[in-house]
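See structure below.
The values are calculated or read from the model by the stated rules, or taken from the named source; none is laboratory data. Since the model is a prediction, treat every value here as computed from it, not as a measurement. Glycine gets a Cβ as well: all are built from the backbone with ideal geometry, and neighbour counts include every protein chain shown. Side chains are part of the model used for accessible areas, which takes the heavy atoms of the whole protein and leaves out ligands, DNA and RNA. Shrake-Rupley method; radii C 1.70, N 1.55, O 1.52, S 1.80 Å.
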Amino acid sequence: MFQKMTIEDCLEVERQDLVKESLKEIERVDKVLKSFITVLDEERIEIDEGPFKGIPIAIKDNIVTKDVRTTCASKILENYVPPYDATVVRKLKKAGFAIVGKTNLDEFAMGSSTERSAFFVTRNPWDLSCVPGGSSGGSAAAVASGEVVAALGSDTGGSVRQPAAFCGIVGFKPTYGLVSRYGLVAFASSLDQIGPMTKSVKDAAILMQIIHGRDPLDSTTVDVKMDFLSHIEQGIEGFRFAVPVEVYEYEGLDKEVAERFEECIKLIEKLGGKVERVKIPTLKYAVATYYVIAPAEASSNLARYDGVKYGLRVEKSGLKETYSVTRTMGFGEEVRRRIVLGTFTLSATYYEAYFNKAQKVRRLLANDLSSVFDQFDAILTPTSPIPAFKIGSITDPLAYYLMDVFTTFANLAGVPALSVPFGFAQGLPVGVQVVGKRFEDPKVLRIGRSIEKFSPYNENGRIPLPVVRV
Amino acid sequence: MRFKTVIGLEIHVQLSTETKAFCSCTANVFEIPANTAVCPVCTGQPGALPVVNAEMVDYAIKLALALNCKVNEYSRFDRKNYFYPDLPKGYQISQYFYPLAVGGHLDIDVDGTTKRVRIRRLHLEEDAGKLMHEGDSITQARYSLVDMNRCGVPLVEIVTEPDLSSPREARIFTEKLRSILRYLKISSGDMEKGALRCDANISIVDLDRNVSSNRVEVKNMNSFKFIEKALEYEEQRIKEALVRGENVEKETRGWDLSTKTTVSMRGKEEESDYRYFPEPDIPPIVVSKERIEKLKLSLPELPDQKKQRFAREYGLPEYDASVLTADESIANFFEACVRLSGKPKETSNWIMTEMLREMKEFESGELKIKPEHIAELIRLVDRGEISIKTAKEIFPEMFRTGKMPIQIVEERGLKQLSDEHAIVEIARKVLEENPHVVSQYKSGKTNVISFFVGQVMKQTKGTANPKLVNDVLRRLLEG
Ligand SMILES: [Zn+2]
């Protein structure tokens, strides 16, 4: 059954019909699910010779694709057709993967529910009245529902991991600098990373094997070659795990999510891991720090959308008015909120008090984490304090931002972090987060694989997937 | 009232690297068709990222070393945020918090004395594009077009301390800087083509009351002459305001070529907040001691060093040495000439007067004149084969055509007559034809000899050796 197929499964079968099957499934469910902003016609789908020839995947619509519209789910780029391929896209194409479409997101990846797409809301395949999470909600829904075999998302403060948790799939944010950002439309450049969203941990490792590595076009990439696959089945015996006490101190933690998390800790101990509670004092400042740094960088990154070169232009009598009306009409409320916030914190008067202070806290947090990793192999938390919520149910921006409570610190410190499904809360998937030391990405996936392999909620180590009825 | 003028400069230099600052487009974009040297990076396409051009950093380090700056081991790029259609990313990548180099100096010659001008900082940044307005002016244009070829061309910005005390010093400083840029072969230094752009901050101190005027920034001075003219105008304008007891606005003014005045561009209240912050797409630049040492060793002999050597080695006056070394190709030409002629002072005279005069009219391309020409010219004069006057006369033809001097002399029949018998013959004839002047001479009016000299020169079409003519005439008249 195509919908349940992983990359590994695809390698075992004849592959010439997979793209057709994917398009058929999209045709069947996407009018309800709305994962995709753009679906390619079959004849437009390029398939190169490569070991993964013909395996259909989806790309989040903030990663540029040559000659294929890339919108960032924003009116301002509604008709933007990039002149080049992102490095990750080029690598995946070369490996043979077939890109069938571009998935929905919160506008410019600013959000945690995909409700802030300028075009439409994507639905959670487990419960169509719920959000799929975000901002890579389209990719998460497309993978979980089986419209595609796997997808790429981008993660600035949890945007791969949280929707993966909400949709019950695997989502991985690599170490900062491991995957090229060339062609990822920048939200917050010092935090953004592209990561795989898949139906198994092994699939995430397969995609990482292909997309990681130094890119001469992105000077923040690091020259390391990693082996993601050789040790992935080797278990976690003797590994030491830290659980931040801050997780338990957080009042908004859902009771059932907390229960699944406890069960997961028990499982890890059973598998030979040692789990300890630790205090990471700077952790509680992570969300505040993130919401200073990310909007500041965003305010600068989004300055290029001015109506001069490409994208929406609302022509008015003068230059200033054209800028102002174009940007007011082109950007949604959340994007404008963050641009204003970032412009404020970077202004000469407030730079010290906000941006510079946030940079200092960021360094302290990285130091704190680094001393944790001197003693532990990984940190464990729930990915999100709550499971997927009803579409439209969270309207207060602050409550919305607090969903990132367990995810942003990994971006601030640039460390690898994985969300792996572990059971359900209120009938919706729960994700457990494994955070590792910088450049120990393969170890993080190996831990994730152990959880996946032995989770009592999985069948023969396979993650349960929803069936979408339309 | 007694005044003191205080000027500081901010100079932008386009580096002549092969490619742009952060992408692989060509950096040589002068007068090529609009928007043909562009790519996703320099046009600010979504998702494109900058990558630092190492050659650009090397060029800037060389300049920093030539200006006696301290090259920082750690420097960093920052974003300078503002909106303008020629700035595709909505920010300029520059260096604000940690510049590449700081604390240098450049010595300039002002009327025979040396003045030290301190350099505050030197940093890298990228150029913006160019706007072309329909019609005559920006205010009347129905539309404007953007040419992004220049976007991302590497620039070095040099900021001096306010050590310059006259518009002339500002001009001399900028000229000296251009000379260094050309010696280093890192920029054309052409102000007219925008490869060297100079902005100035000027203020005037009233020495009697010991108060300073506000600082005025002057822009749009796109030639060495205009630097001096604009600042002279501004200096006068501020002084007059001080005399009238008026307040001088802190503002930015631009040199207006048509009216030869400066006009207000923007006032203090319009100052922008550029919201500088570290460029997250580019890791810090770490310059190793080895790299600095290597670049230091690669530096050519610079104008000041060459000048000192010329004075020492060739026994030239300091003025000659400094004129000859202002341009490296002239300095090299001089040295090649001296190797052939063995006469430094004569060579220097010919180059400084005749040759540099001809150079002013010279458009471009390869010079037809070679060191051999001047060496031969000196030899002909020395041997008395031609007079200095003749030599000066044929210089323009020699410069323009590249013909050897001897050829021109022969073609024009200008060879100097040094044959004593021939001169004696002509002199006798002249004396015979003017008996009354001869008697004037004999009666004591010896200055009429110049009349006879003139007559002999006329008969020989100016080719006779004047000294010999003089001697012969004296001998005949007194013998
Ligand atoms: Zn370019």
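Table: residues versus (1) open to solvent by 10 Å² or more (accessible area, probe 1.4 Å); (2) under 26 Å from A:Ser370 (Cβ atoms); (3) touching a Cys at 6+ places or on another chain (Cβ under 8 Å); (4) within 14 Å of chain B (Cβ to nearest Cβ).
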{"residue": "A:Ile169", "(1), (2), (3), (4)": "no, no, no, no"}
{"residue": "A:Lys173", "(1), (2), (3), (4)": "no, yes, no, no"}
{"residue": "A:Val185", "(1), (2), (3), (4)": "no, no, yes, yes"}
{"residue": "A:Leu191", "(1), (2), (3), (4)": "no, yes, no, yes"}
{"residue": "A:Ile194", "(1), (2), (3), (4)": "no, yes, no, yes"}
{"residue": "A:Ile211", "(1), (2), (3), (4)": "no, yes, no, no"}
{"residue": "A:Val224", "(1), (2), (3), (4)": "yes, yes, no, no"}
{"residue": "A:His231", "(1), (2), (3), (4)": "yes, yes, no, no"}
{"residue": "A:Ile236", "(1), (2), (3), (4)": "no, yes, no, no"}
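When you go through A:Ser393, A:Ser455 one by one, which is the residue that is open to solvent by 10 Å² or more (accessible area, probe 1.4 Å) and closer than 23 Å to A:Ala144 by Cα?
A:Ser393
Here is a list: A:Lys316, A:Lys279. Which entry is within 14 Å of chain B (Cβ to nearest Cβ) and either open to solvent by 20 Å² or more (accessible area, probe 1.4 Å) or out of contact with any Lys or Arg (no Cβ under 7 Å at 6 or more places or on another chain) (or both)?
A:Lys316
Answer yes or no as to whether B:Arg142 is among the basic types (Lys, Arg), modelled with pLDDT under 95 and open to solvent by 20 Å² or more (accessible area, probe 1.4 Å).
Answer is yes for this residue.
Would it be correct to say that A:Val335 is out of contact with any helix residue (DSSP H, G or I) (no Cβ under 7 Å at 6 or more places or on another chain) and within 28 Å of B:Cys151 (Cα to Cα)?
So A:Val335 does not fit the description; no.
Starting from the stretch A:360-384, keep only residues that are closer than 22 Å to A:Gly448 by Cβ, then list their pairs with residues that are buried (at least 22 other Cβ atoms within 10 Å of the Cβ) and basic (Lys, Arg) whose Cβ atoms are within a distance under 9 Å, requiring at least 6 positions of separation or different chains.
These pairs meet every condition: A:Pro382/A:Arg260; A:Thr383/A:Arg161; A:Ser384/A:Arg161.
Would you mention how many residues in the stretch B:113-129 are open to solvent by 20 Å² or more (accessible area, probe 1.4 Å) and modelled with pLDDT of 95 or more?
Result for the stretch B:113-129: 5.
Only one residue in A:Ala366, A:Ala388, A:Ala348 is away from chain B (no Cβ under 12 Å) and out of contact with any strand residue (DSSP E or B) (no Cβ under 8 Å at 6 or more places or on another chain). Which one?
Checking each option against the conditions leaves just A:Ala366.
Given the options A:Ala348, A:Ala353, name the one that is of a type in the set (A, V, I, L, M, F, W, C), farther than 30 Å from A:Phe119 by Cβ, in contact with a Ser or Thr (Cβ under 9 Å, 6 or more places away or on another chain) and free of Cβ contacts under 8 Å to residues at least 40 places away in the same chain.
Answer to the check: A:Ala353.
Within the stretch B:288-317, which residues are touching a Phe, Trp or Tyr at 6+ places or on another chain (Cβ under 9 Å) and among the charged types (D, E, K, R)?
Passing the criteria: B:Glu301, B:Lys306.
Could you check the stretch A:29-114 for strands (runs of 3 or more DSSP E) lying wholly inside it with 1 or more residues that are more than 12 Å from every other protein chain (Cβ to nearest Cβ), open to solvent by 10 Å² or more (accessible area, probe 1.4 Å) and not aromatic (Phe, Trp, Tyr)?
Output list reads A:36-39, A:98-103.
Six or more apart or on different chains, Cβ atoms under 7 Å: show the pairs whose first residue is in the stretch A:265-283 and part of a helix (DSSP H, G or I) and whose second is open to solvent by 30 Å² or more (accessible area, probe 1.4 Å).
A:Ile265/A:Val275; A:Leu267/A:Phe454; A:Ile268/A:Val275; A:Glu269/A:Val275; A:Pro281/A:Asp368; A:Thr282/A:Val361; A:Thr282/A:Leu364; A:Thr282/A:Asp368
For residues in the stretch A:285-312 being more than 11 Å from every other protein chain (Cβ to nearest Cβ) and of a type outside the set (A, V, I, L, M, F, W, C), which is farthest from B:Pro46 (Cα to Cα)?
The qualifying residue farthest from B:Pro46 (Cα to Cα) is A:Tyr285.
For the stretch B:30-50, which residues satisfy the criterion of being within 31 Å of the chain's Cα centre (by Cα) and within 10 Å of the ligand (Cβ to nearest atom)?
B:Ala37
Return the pair list, or none, for Cβ contacts closer than 7 Å from residues in the stretch B:27-45 that are more than 9 Å from chain A (Cβ to nearest Cβ) and closer than 14 Å to B:Thr17 by Cβ to residues that are near the ligand (Cβ under 9 Å from one of its atoms) and basic (Lys, Arg), at least 6 apart or on different chains.
That search, which allows pairs on different chains as well, returns B:Ala27/B:Lys20; B:Cys42/B:Lys20.
What do you reckon, is B:Asn53 within 8 Å of chain A (Cβ to nearest Cβ) and either open to solvent by less than 10 Å² (accessible area, probe 1.4 Å) or within 16 Å of the ligand (Cβ to nearest atom) (or both)?
no
For the stretch B:385-404, name all the residues that are touching a Leu at 6+ places or on another chain (Cβ under 8 Å) and more than 18 Å from B:Arg357 (Cα to Cα).
Result: B:Ile386, single match.
Condition first: in a loop (DSSP other than H, G, I, E, B), within 14 Å of chain A (Cβ to nearest Cβ) and open to solvent by less than 40 Å² (accessible area, probe 1.4 Å). Now tell me which residues in the stretch B:251-306 satisfy that.
B:Arg275, B:Glu279, B:Pro280, B:Asp281, B:Ile282
Name, by its number, the condition in (1) within 14 Å of chain A (Cβ to nearest Cβ); (2) more than 11 Å from the ligand (Cβ to nearest atom); (3) not small (Gly, Ala, Ser) that does not hold for B:Asn68.
The one condition B:Asn68 does not meet is (1).
Of the numbered conditions (1) open to solvent by 60 Å² or more (accessible area, probe 1.4 Å); (2) of a type in the set (D, E, K, R); (3) in contact with an Asp or Glu (Cβ under 9 Å, 6 or more places away or on another chain), A:Lys443 fails exactly one; give the number of that condition.
Only one criterion in (1) open to solvent by 60 Å² or more (accessible area, probe 1.4 Å); (2) of a type in the set (D, E, K, R); (3) in contact with an Asp or Glu (Cβ under 9 Å, 6 or more places away or on another chain) is unmet by A:Lys443, namely (1).
Can you go through B:Ala101, B:Ala27 and tell me which one is within 16 Å of the ligand (Cβ to nearest atom) and small (Gly, Ala, Ser)?
Being within 16 Å of the ligand (Cβ to nearest atom) and small (Gly, Ala, Ser) holds for just one of B:Ala101, B:Ala27, which is B:Ala27.
Restricting to the stretch B:307-320, and then to whatever is touching a residue at least 12 places away in the same chain (Cβ under 8 Å) and part of a loop (DSSP other than H, G, I, E, B), can you tell me which residue is farthest from the other protein chains (Cβ to nearest Cβ)?
In this case the residue turns out to be B:Gly315.
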